[in-house]
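Notes to accompany the following structure.
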Number of protein chains: 4
Amino acid sequence: MVVSDTQKKEKRKQIIKAAAQVFAQKGYAGTVIAEIAACAGIGKGTVYEYFDSKEDLFFAVFEWYMEESGSAAMVSISALGGPASARLMALSDSLMKTWSKEMKEAYSLVMEFWSASASSQMRQRFKDAFSQAYADFRGIVSSLIRDGIERGEFRPNIDPEPIAAALVGTWDALLLQAWFDHVFDPADAANHFMDVVISGLTRL
Amino acid sequence: MVVSDTQKKEKRKQIIKAAAQVFAQKGYAGTVIAEIAACAGIGKGTVYEYFDSKEDLFFAVFEWYMEESGSAAMVSISALGGPASARLMALSDSLMKTWSKEMKEAYSLVMEFWSASASSQMRQRFKDAFSQAYADFRGIVSSLIRDGIERGEFRPNIDPEPIAAALVGTWDALLLQAWFDHVFDPADAANHFMDVVISGLTRL
Amino acid sequence: MVVSDTQKKEKRKQIIKAAAQVFAQKGYAGTVIAEIAACAGIGKGTVYEYFDSKEDLFFAVFEWYMEESGSAAMVSISALGGPASARLMALSDSLMKTWSKEMKEAYSLVMEFWSASASSQMRQRFKDAFSQAYADFRGIVSSLIRDGIERGEFRPNIDPEPIAAALVGTWDALLLQAWFDHVFDPADAANHFMDVVISGLTRL
Amino acid sequence: MVVSDTQKKEKRKQIIKAAAQVFAQKGYAGTVIAEIAACAGIGKGTVYEYFDSKEDLFFAVFEWYMEESGSAAMVSISALGGPASARLMALSDSLMKTWSKEMKEAYSLVMEFWSASASSQMRQRFKDAFSQAYADFRGIVSSLIRDGIERGEFRPNIDPEPIAAALVGTWDALLLQAWFDHVFDPADAANHFMDVVISGLTRL
DNA sequence: CATGAATGAGGCTTCATTCAT
DNA sequence: GATGAATGAAGCCTCATTCAT
C-alpha cells in the first residue's frame, strides 16, 4: 500500500471541502468540476479518482455536511441533566449560535440540497437522507419533551411528536430567515419564542 | 394595435403557467425551454418573444407565484374581528390546509426559488423579493400579536416581532417536512403546536 | 410544415454521406463528430438534430451502405434468363467490377462495420444486419445454383447451400485482398476461379 | 544483468497475451490499459516499461498473433507427399477445424486488425503485414496447385495464382460467416466447395 | 407574429501517459 | 524495476438562443 487509506481519506475530505465551498457559492448547476479541482489544488481528472460523478460528489458533500452539522451537540445537550425546559432552551440556543457563527456561509448549501431533493434524478437519495435527518432530530426533541412530561414539568396532555416537529422546523426556518436578512438575529428570536413555547408547555 | 395588450398579457401568463409546471417538476437546471414551449402549446422561438431569457422567465414565474400565493388570505383572516388567539389559529389552519392541497405541485417550485436565491447570478433579485415577502408576512403576524397584547389577551411583556418571525418560520418548515415525508400531517402538528404557543402567549 | 420531409431526408443523407467519408478515412473511433459536421457543411449540433448519437449515425451509415451496395444488381442479374453458368459468371464479374470501381475507397468502411460487430456495445445490431445481408446474398446465389441443377446444367449431387456460402465468401475476400494489395486484380482472379468452379459444377 | 533477457521476454509475452484477450473482447478502442494490466496481473505503469504506447502494444499483439497462427501447419501439410488434391483438401480441412475451435476468442481480434489497417495512423504497418501474410499464404497454396499441374493431376491451362488467391479468400470468408452465424458450419461448407473446386481443377 | 432548424459554447467524463515513491 | 495516483487533453452531447422563413 504505497498510499495509505488515511491519506486517501484525507484527500477525499479535501475535495469535499473544496466542493462544498464552490457548490455553496455557485449552486449545483452553476458549479463546474474544474473549479472544484482548482479550489482543491488538484487536477480535474483527480476528482474522478475519488468520486464517480458530479452528482456523487455532491451527495458526498451532503453527507459530510449532515454529519458535520450533525446532532452531536444536540444529543449531548439533550442528555444533560436538569429541567427539560432548561435543556430545551440550551439546545435552541446552541443550535442558533453554532449555525449563525460557522454555518452561515454554508447555508446556501442546504438550499442546494433541498433543491436537489426537489427535482432531478438525485431526488430520492436526498429526500431519504433528509427525511431520516429530520426524523432523528425530531426524535431527540420529542424525547426531551416526553422527559419533561414524565418529570411533571410539562403539562401531561401534550403530544410530544407534533411539538417536536414544529420546533425543529422553527429552528430551521429561523436560520433561513437569518440567511435572507443579515440583520435578523435568529438567536434572539429563538430565545423569545422559546420562552413562550416553554411557558405554554409548562404545567401551571 | 392589431394584437391588443390584453392578448399579449394572456399569452405571457400562459407561458408562465406552463413554465411553473415544468420548473416545479424538473427544477430550473433540468428544465429545457422546448418542454415549456410544448407544454404551453407554442413554438420554442415564441417563448423568446415574451421573455428575454430562461432566467427572465424563471423570475417572471417567481413573481407570478409570489403574487398568486400572496398574503391575500392572510390579510383577510388577520383583519377579521374576534380574539387574536382565534385569528392566529385560523391563520395557521388556513395556511396548512391551503398548502397541503396544492403542495405537491408547488412546493418544489419554492425550493427552486430558494436555491436560485442561494447561488448563481440571479441571487440578489430573488433574495430581495424573498426578504420582502417574509417581512410582509412577519408584519401581518406581528400586528396580530400586537393586537392581542393591546386587547389584553396576550401577556404584555411579549415582543411581537421575534414571535412572529418564529411562527412564520414554523409554518414554512412544517410544510417542508410534509413535503419530505408524505405521512406527516402539517395541519395536525400545527394545531397542537399553536395550542402550546397560544397558551404561552396568553395572560394567565 | 415549414421544412418538408423531403428536405429533411435530403439533409439526413447529406450527413450520412459526409459521415461515411470520414468514418472510412479515420475509422469509427478516430472520427470526431466535428469533422463530420464540417465535412457536411453544417454545425456540430445539427448532426444531433438528425441522429441521436455517434453510434446511431454510424449505424445509419451502415444501413445506407448496405442498401447502396445492395443486392439490386445481383437480383437483376440472377433473374436474367440463359444458362446458370453464364449468369453466375456475370454476377461474379459485375460484383468485382462494380466494387473495384466505386467502392474501393469505401472498403475500409466495411472493415469498420466488421470491427463494430466484433466488439463494443454495437455488436448485436451490426451482427444481426450482417447475418441477414449474408443470408440474403447466399439465398440469391444458391437459388441460381439450384436452378442450374434443375436445368440439368450442373451435377445433381451438388448441395447448393454450402457452395453459395463459399462463393459469396470468395467474392468478399477477393475484394478484401484487392483492398490490401492495389496491384491485385480481383476481377481477373474471380474470372479464373469461376472457370474452375463452374467447370467443377458442370455435369460431365 | 540482474534480470535476464529471458525474464523480460517472458513478461512481455505475458502482457501480450493478456492484451490479446482484452482487445479481442472489447476491441481496440474499447480497451483500457488498466484492464490489460489487471488481466496480466501487473500494475498499469508496468505496461509502459515494456511497450511505448497502447498502439505499440496492439501492434505487438498483432505480430505475435500472426506468428502464432502462422503458416506452420499449412506449410507442413502442403509439404506432405501424396496427390495435390488430397493435400489441398487436408489443408482446407485443417484450417477450418483449427479455427473453428479457437475462433470465438480470436476472430474478433482479426477484425480489429483489419479495422486498424483500414483507418487511423496505424494503417500502413498493419496493411503491409497483412499483405505479406496473404502473399505468403497464397504462395503456399499456389505452389501446391502448381505441383498438382506438374504432376499431371490438374489441368495444365490453370493459372495457379488467381486460384490460390481465391481459395485463400474463400477460407477466410467462410470463417467470417461462421463467426457471424453460429449455426453455420465452415468445415462442412468448405468440404463441399473443395469437392467442386478440385473437380474443376482436375484433368478429365 | 410565430416558428423550429441551426448553431456552437461549454460541461462532464474518460483514459493514455507520466513520474514520484 | 514496479507501481498506481495524478493529470489534462480531447470528445460526446446538451441546450439556450438566434434568425430566416
### Query
Thinking of the range D:69-201 as a set of Cα atoms, what percent of all their pairs are more than 27 Å apart?
22
### Query
Can you list residues whose amide H is under 5 Å from D:PHE184's amide H, if they're 5+ apart or on another chain and H is modeled 1.01 Å from N?
none
### Task
Among B:PHE154, B:GLY27, B:VAL110, pick out the residue whose Cα is farthest towards the positive end of the charge dipole of chain B, where Lys and Arg carry +1 and Asp and Glu carry -1 on C-beta, about the Cα centre.
B:GLY27
### Query
Using θ = phi - 60° and the Karplus curve 6.51 cos²θ - 1.76 cosθ + 1.60, what whole-Hz ³J(HN,Hα) does each residue of the range C:11-21 get, with Gly and Pro shown as x?
5, 4, 5, 4, 5, 4, 5, 4, 5, 4, 4
### Query
Nearest beta-carbon of C to the rotation axis carrying it onto B: which residue, how many whole Å?
C:GLY45, 4
### Message
When 1/r is averaged over all different Cα pairs and the result inverted, which Kirkwood radius in Å belongs to the range C:10-67?
### Response
10.9
#### Entry: Top positive-direction residue, dipole computed over the range B:69-201 with Cβ charges, set B:TYR134, B:ILE163, B:HIS182
B:TYR134
## Note on the structure
Cα convex hull volume per residue for the range B:8-109, in Å³, equals 101
### Query
Cα convex hull of the protein assembly as shown: how many Å³ per residue?
234
### Message
Roughly how far apart, in whole Å, are the Cα centres of the range A:119-166 and the range D:88-150?
### Response
75
### Query
Each label point is 7 Å from the Cα along the Cα-to-Cβ direction; what then is the distance between the points at D:GLU67 and B:GLN124, in nm?
7.2
#### Entry: Tilt relative to chain C, helix C:186-201 - C-alpha long axis, 0 to 90 degrees, to 10
40
### Query
When the label point is put 7 Å from the Cα of B:SER131 along its Cα-to-beta-carbon vector, which residues of the range A:169-189 have a backbone N closer than 20 Å?
A:173-189
### Message
Skipping prolines and chain starts, which residues have an amide H placed within reach, meaning under 5 Å, of the one on C:PHE154, given they are 5 or more residues away or on another chain?
### Response
C:ILE149, C:ARG203
### Query
Using a Cα distance threshold of under 19 Å, what count of lysine pairs results for chain B when pairs must be 8 or more residues apart or interchain?
20
### Task
Treat every Asp and Glu Cβ in the protein assembly as shown as -1 and every Lys and Arg Cβ as +1, leave all other atoms uncharged, and give the resulting dipole magnitude about the Cα centre to the nearest 20 debye.
320
### Surrounding net charge for C:ALA86, when Lys and Arg each add one and Asp and Glu each subtract one, Cβ distance under 14 Å
-2
### Query
Can you give the calculated 222 nm mean residue ellipticity of chain C, where each DSSP H run of n ≥ 4 adds -39,500 (n - 2.57) and the sum is split over every residue, rounded to the nearest 500 deg cm²/dmol?
-25000 deg cm²/dmol
### Query
Given charges of +1 on the Cβ of Lys and Arg and -1 on the Cβ of Asp and Glu, with all other atoms neutral, how large is the dipole of the range C:69-201 about its Cα centre, in debye to the nearest 20?
280
### Whole-Å distance, taken between Cα centres, linking the range B:54-70 and the range D:18-70
58
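Every number here is computed from the coordinates shown, using simple stated rules; none is lab data. Being a predicted model, the structure only gives us computed values, none of them experimental. Every residue, glycine as well, gets a Cβ built from its backbone with ideal geometry; the counts of neighbours run over all protein chains shown.
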